Amino acid sequence: MVGFEVGAVPFNPDGWGPMDSSTTTLAVPNHPSNVPFAPFSRSDKLGRIADWTRNLNNQGRPGSKQGHHLADSAFDFSGDDSFATLAADEDSSFRLVDTSAKSHHHNPNRPKFNPRWRFNAHHNQRSQLPQRRDEEVEAKKREAEKERARRDRMYNNRSQMPQRRESAVFKSSVDIQPEWNMLDQIPFSTFSKLSFSVQEPEDLLMCGGLEFYDRAYDRITPKNCRPLERFKNRNFFKVTTTDDPVIRRLANEDKATVFATDAILSTLMCAPRSVYSWDIVVQRVGNKLFFDKRDGSQLDLLSVHETSQEPLPDVKEDINSIHSLSVEAAYINQNFSQQVLVKDGNKVAFDEPNPFANEGEEVASVGYRYRRWKLDDEMYLVSRCEVQSVVDINNQRSFLTLNALNEFDSKYSGVDWRQKLETQRGAVLATELKNNANKLAKWTAQALLGGADMMKLGYVSRVHPRDHFNHVILAVVGYKPKDFATQINLNTSNMWGIVKSIVDLCMKLKEGKYVLVKDPSKPQVRIYDVPQDAFDNDYVEEPLPEDEQAQPPAEDADGVDANATINDVEDKEISTEAA
């Protein structure tokens, strides 16, 4: 058996590794002379015997620790001159030979350009010719001028742009007179906690007549759109509560305690979603309560982009201003509700004819449903609700409400209906829910109040963004009111809770006339005690500025009071003679 002989291992009392060759008495066999050993201590972690992968380039500035690791210090022989003599001898025996073809017009002072140097800013600054350096300076000056001009344009455009919705200032819907006494102000935050459940209403009376809905409009697409027609011969009525002869009759018969219309109730129910100012007149007569609207009130129009973050132009003459778009939307809604009907003369007549039309007058297709809800044991509410059409489904007659959303300029909404309605109809509806949350909620509330089985929403757009007279119908979509209310997060119990709280608050007031005004700049509603003759000779005008409202001329105020007193006396005399 061959044995393995271990050579003598010398002991080094001074440290680790072999002893110095000068002090050792036992030489290490086959040990090359003058090979240095890396010094290390017992705390150093030795991960490898030799490192062949180290890159000694780009190790940072002299004296800095960039690119230097403590673990590599054991293999750093850059400061050792053990191989200096041997390296010098080997380098002297080598000679570089240039085998590349030389140019006949070689200029050693000519700067060299290659792809690597082209992106080296330091090299370019160092080796550019004087002429090229001047060109670069001129180019940088031109770029700086362009950047300065661009910033100036952006600043000017930003200063000319209208203020955002958060800082926009809206006008009050009614002139607040100095003699009005503010009784209370209710923040909208208190409305969100209200809840009240009502039973199914009962129909007291139905008036008017309805035409059938044309189902061909359900198949309209932006590619086969239809122009919106105008119905100038048909009359539309926006009659307030106390001017309704049917409501007067029901009040005399003591059918209810509170009287209103679906437009007024929906405004109250959706008050927390409103941004623009609105006002409702409240009259307490005996033990009865009447909710009215003024002639020419904002409730007769339709808001556009009310809840949008981008404000509309504040110039009244602009076709995209708040007032112009509201008038345009009202006309579109009326014409759309009559165009999508079957024009065959077939109508569904109710118990009584239209209470507001004269004999032989052509009226729009509308049905008035006078419905009664029970608020508590001794309080009932009667409201006049409207439906615009009827359709037979499975031999069952269903009522419809017809409303139209209008697109005036896709730059404001960011969604082009002609491109998105066919492929991304949900995105279009979501955009409208964001920009017109209050209007859609009011339409849904009116459909629920009227007991409609289906609500039809039409998408109507301008033929051209700058033409506000001609429009086209791009699509018509139907929704069930209850499902749509759930989709837009409209809580029926909360809606009736708001109405019940306002009714209870107004029933505690003494007899007289009051007005509910939504604050134009804050999410709250105020209650004012107004004179009995307020709004009797009202006319439509722009709201007065705040300073003019607070200090009206004394002679004008006296004249108004005198005329109002005379009119009040004349009204009392007429009512006495009629009695």
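The values are calculated or read from the model by the stated rules, or taken from the named source; none is laboratory data. For clarity, every value in this text was computed on a predicted model and none was experimentally measured. Positions of Cβ are generated from backbone atoms using ideal geometry, with glycine treated the same way; all protein chains shown enter the neighbour counts. When the accessible area is computed, the model is the full protein with side chains, heavy atoms only, and any ligands, DNA or RNA have been set aside. Shrake-Rupley method; radii C 1.70, N 1.55, O 1.52, S 1.80 Å.
Structure notes:
- Ellipsoid semi-axes in whole angstrom, largest first, where each is sqrt(5λ) of the Cα gyration tensor of the stretch 473-538: 34, 18, 12
- Per-selection Kirkwood Rh - the stretch 195-271 (Cα, Å, 1 d.p.): 17.0
- Ellipsoid fit via the Cα gyration tensor, the stretch 396-547: semi-axes of 35, 23, 15 Å, each the root of five times an eigenvalue, largest first.
- Electrostatic bookkeeping for Trp180 treats Lys and Arg as +1 and Asp and Glu as -1; over the other residues with beta carbon under 12 Å from its beta carbon, the sum is -2.
- Span per principal axis, largest first, for the Cα atoms of the stretch 276-341 (Å): 46, 35, 21
- As a ratio to 2.2 N^0.38 Å, the alpha-carbon radius of gyration for the stretch 338-423 is 1.58.
- Cα gyration tensor shape of the stretch 251-298, rounded if a/c is under 1.5, else prolate or oblate by comparing a/b with b/c: prolate
- Three-way shape label, the stretch 289-400, alpha-carbon gyration tensor, a/c 1.5: oblate
- Among the trypsin sites (Lys or Arg not before Pro) in the stretch 461-523, those located in a DSSP loop and surrounded by at most 10 other Cβ atoms within 10 Å of their own Cβ are Arg466, Lys508, Lys510.
- Other residues lying with their Cβ under 15 Å from the Cβ of Gln424 contribute a combined charge of 0, Lys and Arg counting +1, Asp and Glu -1.
- Gain on full stretching of the segment that runs from Lys482 to Glu143 - 0.36 nm per residue minus C-alpha separation: 116.0 nm
- Within the accessible surface of the stretch 398-469, defined with a 1.4 Å probe on protein heavy atoms only, the carbon and sulfur portion equals 50 percent.
- The stretch 187-227 - percent of accessible surface contributed by carbon and sulfur, probe 1.4 Å: 50
- Phi-based couplings in Hz for the stretch 260-267 (Karplus 6.51, -1.76, 1.60; Gly and Pro marked x): 6, 10, 5, 5, 6, 5, 5, 5
- Cα gyration tensor category, rounded, prolate or oblate, for the stretch 415-457 with a/c compared to 1.5: oblate
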